[in-house]
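Participant: Have a look at the structure that comes next, please.
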Amino acid sequence: MTDDTDPDQSKSEEVPYRQARWTKHFDEIDREIAQLASVCKVPILDPGVIERVLKKDTLVCGTQNPRAFEKLRQLLMMHYSVRDKAVVALGEQETMLIMDEIVERLRARYGDRLGGPAA
């Protein structure tokens, strides 16, 4: 009895699965980030805003909600940690494609509430 499985085929089937898994993971984190940014009225996609949130600069908020702001900050840190792991697993280019796709979906859902350049 011979093994008819093609190792190249199983590798090519693994790539879409890995990409879909990372996309789902990022999507969950980033959707929550967008919701919290909306609650705090933080224009998260504006230049320099993410850095200000990471440095605990609450002046970036349009409304004060300390618990939501802290959770937003923690999720941003988680996002960057996961992104670093995705770069190792998928490569920089594929990871950036996933991130761009998620940002576009969030822009479609939240409009200009997240800030950033007009789409």
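Participant: Restricting to the range 1-48, what's the tally of residues that are over 19 Å from Ile98 (Cβ atoms) and at pLDDT 90 or above?
Facilitator: The number of residues fulfilling the criteria is 12.
Participant: May I pose another question? Of everything in the range 42-62, what is of a type in the set (D, E, K, R) and without any contact (Cβ under 8 Å) to a residue 24 or more places away in the chain? Give them in sequence order.
Facilitator: Within the range 42-62, Glu51, Arg52, Lys55, Lys56, Asp57 qualify.
Participant: Here's something else I'd like to know. May I ask you to list pairs of residues, at least six apart or on different chains, whose Cβ atoms are under 9 Å apart, with the first in the range 77-106 being of a type outside the set (Val, Ile, Thr) and the second being surrounded by 13 or more Cβ atoms within 10 Å (Cβ to Cβ) and not in a helix (DSSP H, G or I)?
Facilitator: Qualifying pairs under 9 Å: Leu106/Leu45.
Participant: Can you name the residue in the range 71-119 that is under 26 Å from Pro16 (Cα atoms) and of a type in the set (Gly, Ala, Ser) and, of all such residues, is surrounded by the most Cβ atoms within 10 Å (Cβ to Cβ)?
Facilitator: Here the residue is Ala86.
The values are calculated or read from the model by the stated rules, or taken from the named source; none is laboratory data. This structure is a prediction, so every number in the text was calculated from the model and none was measured. Note: ideal-geometry Cβ built from the backbone for every residue, glycine included; neighbour counts use all protein chains shown.
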